[in-house]
Amino acid sequence: MIASPNLSSVGAAAPLFEVERLSVAIKGLSAVEDVSFAINAGQTMALVGESGCGKSLTALAIVGLLPDVAERRHGTVRLMDHLLSELAPESLRAMRGTAVSMIFQEPAASLNPLMRVGEQVAETLVVHGRATRPEARATALGLLAAVGIPDPEIRARQYPFELSGGMCQRVMIAIALVAQPKLLIADEPTTALDVTIQAQILDLLRRLRAEHNTTLLLITHDMGVVSDIADKVCVMYAGRIVEEADVEALFERQYHPYTRLLLRTIPTLDGRRKTLLPTIRGNVPDLAGWPKGCRFAPRCPLADSRCALDAPPLVALDSDPQRKSACWHAEKVMERIR
Ligand SMILES: Nc1ncnc2c1ncn2[C@@H]1O[C@H](COP(=O)(O)OP(=O)(O)OP(=O)(O)O)[C@@H](O)[C@H]1O
Ligand code: SF4
Ligand SMILES: [Mg+2]
């Protein structure tokens with residue numbers, strides 16, 4: 001039984017998952033700042049941004065698995081009627097195995113190197129009470145087959161180092177699926193995989209959503225993947241969310257220069273061609289060197305003196321209240337950056 005505060009204010013129409021003002025520091029330096037978003041049941045939200053923007057730290061803070069050097073400064077995380085951010089470690093661990101699962105950025109590193117992959121899936125099934133020990137092996141083989149692993153009998157007997165990155169990723173997904181989680185967090189599940197395997201993993205995630213109404217938080221820096229699978233998008237830059245929108249609206253019109261430049265790196269917007277980011281001049285600044293005002297100012301073609309001094313808040317636009325942007329010149333982005 002998982003002890004969790006009951007949130008009487010959470011009504012039937014509330015999003016299934018909600019993060020509010022989440023902030024994470026690394027060795028005293030702010031790494032994730034006031035990140036807020038909500039995802040409805042069955043929806044897929046993509047969290048996108050260049051390397052070092054704070055995407056993985058956001059995910060790790062959500063599931064309570066931050067590295068020792070990092071700490072959550074403040075913020076709330078709610079999944080259904082559970083305030084994950086207030087749970088004791090053992091209750092959060094129980095939630096991780098049941099209501100929320102995470103596929104990590106480094107699948108090979110997340111699997112136990114000393115255990116055959118079939119045993120790892122079988123063990124998870126037993127721990128979650130999804131199968132008895134005698135049943136577990138056959139059920140594990142079924143799961144491995146379901147995530148598209150060919151010759152599961154043979155693969156199940158192999159160790160992670162004997163499998164390719166794509167195969168390890170599928171094993172991770174199989175393990176994540178054991179609990180039939182309400183929320184699946186997938187951190188770069190297709191990066192470094194070839195295009196065919198990438199498409200298969202995305203198909204698998206789509207199938208999950210269709211069959212189990214799984215809510216998905218997908219972390220990626222690939223806008224092609226975003227256009228393929230996401231319903232909504234939060235664009236992150238230097239620890240903050242800078243733009244938020246439904247996916248179609250975002251691809252049609254951008255209200256933040258960073259998003260505009262990210263999307264310009266894709267030659268076509270039909271999602272057929274997938275290009276790795278970034279091609280924007282300069283790099284994400286180091287944690288210790290974040291600019292005082294808008295953090296994108298040193299790389300932004302629209303920056304002016306106000307941008308260097310004042311950090312723009314993420315707000316709904318007067319002209320388009322469905323859209324949120326953190327830019328002083330949000331309305332000019334499309335006409336000024338061609
Ligand atoms: N264990 C750690 N020790 C020190 N710094 C860290 C650690 N983990 C993350 N950071 C720093 O925190 C910032 C955000 O890192 P994070 O891993 O969340 O980025 P990311 O957006 O997931 O990037 P990527 O796309 O490369 O995975 C980076 O500056 C990173 O160097
Ligand atoms: S606030 Fe200024 S620097 Fe920041 S993204 Fe907007 S125009 Fe560029
Ligand atoms: Mg990451």
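Listed values, structure above:
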quantity: Long-range Cα-Cα pairs in the stretch 144-293 (distance over 24 Å), rounded percent; calculated: 41 percent
quantity: Net charge of neighbours whose Cβ lies under 15 Å from the Cβ of THR98, counting Lys and Arg as +1 and Asp and Glu as -1; calculated: +2
quantity: Amide H contacts under 5 Å for THR214, placed H, 5+ residues apart; calculated: ARG209
quantity: Which of ILE173, ALA108, LEU16, positive extreme of dipole for the chain (C-beta unit charges); calculated: ALA108
quantity: Dipole in debye (nearest 20) - the stretch 34-185, about Cα centre, beta carbon charges: Lys, Arg +1; Asp, Glu -1; calculated: 240 debye
quantity: Evaluated at q = 0.12, 0.13, 0.15 Å⁻¹: base-10 log I(q)/I(0), Debye formula over Cα of the chain; calculated: -0.87, -1.01, -1.30
quantity: Rg/Rh (Cα only; Kirkwood hydrodynamic radius) as it applies to the stretch 82-125; calculated: 1.05
quantity: Rel. contact order, % - alpha carbon contacts under 8 angstrom, at least six apart, the chain; calculated: 19 percent
quantity: Separation between Cα centres of the stretch 25-73 and the stretch 136-188, rounded to whole Å; calculated: 25 Å
quantity: The chain: antiparallel DSSP beta bridges as a percent of all, rounded to 5; calculated: 60 percent
quantity: Value at 222 nm in deg cm²/dmol, rounded to 500, when DSSP H runs of n ≥ 4 in the chain each add -39,500 (n - 2.57); calculated: -9500 deg cm²/dmol
quantity: Rg/Rh ratio calculated on Cα atoms of the stretch 47-198 (Kirkwood radius); calculated: 0.98
quantity: Rounded to whole Hz, the Karplus (6.51, -1.76, 1.60) HN-Hα couplings of the stretch 90-98, x for glycine and proline; calculated: 5, 5, 5, 4, 5, 5, 4, x, 10
quantity: Taking only Cα atoms of the stretch 24-69, radius of gyration then Dmax in Å; calculated: 11.7, 36
quantity: Normalised contact order of the stretch 130-226, rounded percent, pairs of Cα under 8 Å and 6 or more residues apart; calculated: 25 percent
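FYI, it's all coordinate maths here, none of it is from the lab. It should be emphasised that the depicted structure is a prediction, and the values quoted were computed from it without experimental measurement. Virtual Cβ from ideal backbone geometry, glycine too; neighbours counted across all protein chains shown.
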